[in-house]
Amino acid sequence: MVLKLAIQKSGRLHEDSMKLLNDCGIGIKNGHNQLKSVADNFPIEAYFLRDDDIPQYVEDGVAHIGIVGENVLYEKNKSVDIVEKLGFGKCRLSIAVKKTDEYGDARFLEGKKIATSYPFLTQDFLNKNGVNAEIHEISGSVELAPGIGLADVVCDLVSSGSTLFMNGLKEVEPILQSEAVMVRTKELTEEQQSVLNQLLFRIRSVRKAKR
Ligand code: ATP
Ligand code: ZN
């Protein structure tokens, strides 16, 4: 029996996810264009996926556990359990407006067009603030939308804010703080849960040693 772990194939969470496993003494090789890889010294098999697909794989139990950003997890709204916050991949989902705009509060957004890759979380924010706005879902380069007249404002991931700044935008309202988390499918056998417990024990030891 091996525990199947979904991690990002490439991108901002990939290196830190691999490093965490490595720090836990789990040897997983990431061959190019490989979909999966078995650890040689721990009962774990890694599946390399797009981060957007990880919540679904874990909900379905195709992967037993996964490492994904809270932003993606809450946007997809799948039924999985968070078992551990991992302390990397930190960012926030924020409303950003043109540098020259005077934002004030969420009422600024009334009647505006908002470009985002996070329509669910954006709509949730609008609902909570009683604001009506039009959401334009786009999958990438959201920060370009206001400059080309596709939208008035954006709701996008921010870490330093420099990408927004370079595109004539400014962050005005963080709506979600996010970091990478370990998620777990709802149904695990006793044996699978026991492997997960061993993994979590190692992760906690590694993170404690770093503090
Ligand atoms: P994939 O090809 O897997 O779909 P992606 O392009 O959607 O990748 P990345 O840009 O690699 O995603 O980001 C993966 C995750 O890293 C984000 O969902 C988020 O949780 C986290 N992250 C941390 N900082 C940032 C940032 N400044 N911008 C975007 N994502 C960030
Ligand atoms: Zn993605």
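The values are calculated or read from the model by the stated rules, or taken from the named source; none is laboratory data. Just so you know, these numbers come straight off a predicted model, no measurement behind them. Every residue, glycine among them, receives a Cβ derived from its backbone with ideal geometry; neighbour counts consider all protein chains shown.
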Pairs, please: C-beta under 8 Å, at least 6 apart or cross-chain, first residue over 16 Å from SER17 (Cα atoms) and in segment 63-85, second surrounded by 22 or more Cβ atoms within 10 Å (Cβ to Cβ) and aromatic (Phe, Trp, Tyr)?
ASN71/TYR118; GLU75/TYR118
Selected residue (only one of ALA46, ALA63 is in the same structural domain as ARG204 (by TED's automatic domain parsing), surrounded by 22 or more Cβ atoms within 10 Å (Cβ to Cβ) and assigned to a loop (DSSP other than H, G, I, E, B)):
ALA63
Among the candidates GLU173, GLU191, single out the residue that is surrounded by 17 or more Cβ atoms within 10 Å (Cβ to Cβ) and more than 16 Å from ligand 2 (Cβ to nearest atom).
GLU173
Residues of segment 135-194 classified as without any contact (Cβ under 8 Å) to a residue 40 or more places away in the chain, under 18 Å from LYS90 (Cβ atoms) and either in the same structural domain as ILE7 (by TED's automatic domain parsing) or outside any loop (DSSP other than H, G, I, E, B) (or both), total:
2
Given the options ASN197, ASN132, name the one that is exposed (fewer than 13 other Cβ atoms within 10 Å of the Cβ), outside the structural domain of LEU21 (by TED's automatic domain parsing) and modelled with pLDDT of 95 or more.
ASN132
Within segment 22-43, residues out of contact with any helix residue (DSSP H, G or I) (no Cβ under 9 Å at 6 or more places or on another chain), outside any loop (DSSP other than H, G, I, E, B) and not hydroxyl-bearing (Ser, Thr, Tyr) come out as ASN22, LYS36, VAL38
I need a count of the residues in segment 79-116 that are away from ligand 2 (no atom under 16 Å from the Cβ), closer than 30 Å to LEU199 by Cα and of a type in the set (Gly, Ala, Ser).
2
The number of residues in segment 40-65 that are at pLDDT 95 or above and either away from ligand 1 (no atom under 14 Å from the Cβ) or in contact with a Ser or Thr (Cβ under 7 Å, 6 or more places away or on another chain) (or both) is 13
Options ALA39, ALA46, ALA63, ALA6: the member that is over 30 Å from MET166 (Cα atoms) and out of contact with any strand residue (DSSP E or B) (no Cβ under 6 Å at 6 or more places or on another chain):
ALA39
Limited to segment 2-18, what total is found for residues that are within 15 Å of LEU199 (Cβ to Cβ) and in a helix (DSSP H, G or I)?
2
Quick one: what pairs do we get from segment 87-102, first residue β-branched (Val, Ile, Thr), second part of a strand (DSSP E or B) and surrounded by 21 or more Cβ atoms within 10 Å (Cβ to Cβ), C-beta under 7 Å, 6+ apart or different chains?
ILE95/VAL153; ILE95/CYS155; VAL97/VAL153; VAL97/LEU169
